[in-house]
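Worksheet for the structure shown next.
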Amino acid sequence: MSVQIADLELLNAVRDFGLMQTHPVVDKFKPAIDDWGNDWIDVGQAYLPAANLLDDAIVNGNPQTRDLLETFARHKDRLYWEQSYKKEDDVVSDAMLAAYGFAEIIGKQGPFVSERIRAGIGIYGPDIVYPRHQHQAEEIYIILAGSAKFKIGAAEEAKRSTGDVVYVESNTPHGFRTNDQSLVIYYLWQAGDLRQISSFG
Ligand SMILES: [Fe+2]
């Protein structure tokens, strides 16, 4: 199946947002962002309630993040929204499962296929605790809207807000707590199994 114009709009928005970042930790992800290849898979569409938090969250964006937020909002009903955890895994709360989700744009399972990098959007509703977890890949969160208190490695918990870049080294425990607004993040993974399920505890 050929790539739709709408899909390319999303891809370009995700890629360009990564490439335009000036924070130095993003630099080492840029070669992989720029090298997404031409492979595309029709992953279909899947709905999660978290997708509907996007429209309200846009007002908490800033001039640097709003274009990307609006692009995702326009496409939210045709994206494949997913979660990494199930209730029976018993690793995250029911409240988190009710109000979080992510849509991957670049990754090893598509829709745009990369063996080098994983990129997409994640949405976490108000008052969610994402328990500390870890994975082999190094990770960046760029906050598109809202804020959360992040606990990464041995560092003190710190509030990060719209526009901030949060870097997590490989195999480093990390977690966060949202406040009374939804948190929307742009995520990047590289240098590890790009679909590894995080371990907890
Ligand atoms: Fe992570």
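Each reported figure results from applying straightforward, stated rules to the coordinates on display, with no laboratory input. Remember, it's a predicted structure, so these values are computed and weren't measured experimentally. Positions of Cβ are backbone-derived with ideal geometry, glycine not excepted, and every protein chain shown enters the neighbour counts.
Assorted remarks:
- Debye, to nearest 20: dipole size of segment 5-200, +1 on Lys, Arg Cβ, -1 on Asp, Glu Cβ: 260 debye
- Scattering curve values for the chain, log₁₀ I(q)/I(0), Debye with Cα scatterers, q = 0.09, 0.10, 0.12 Å⁻¹: -0.29, -0.37, -0.54
- With contributions of -39500 (n - 2.57) from each DSSP H run of at least four residues, the per-residue ellipticity at 222 nm computed over the chain stands at -5500 deg cm²/dmol.
- Highest-MSF residue in the chain out of Lys87, Lys159, Lys30 [GNM, Cα springs under 10 Å]: Lys87
- With a threshold of 30 Å on the Cα-Cα distance, the over-threshold entries among Lys28/Lys86; Lys108/Lys151; Lys30/Lys151 are Lys28/Lys86.
- Taking all pairs of distinct alpha-carbon atoms in segment 86-147, Kirkwood radius in angstrom: 13.4 Å
- Taking amide hydrogens as placed 1.01 Å from N in the peptide plane, the amide H of Leu144 sits under 5 Å from those of Gly163, Val184, Ile185, Tyr186, each at least 5 positions away in sequence or on another chain.
- Whole-Å distance, taken between Cα centres, linking segment 36-61 and segment 148-189: 20 Å
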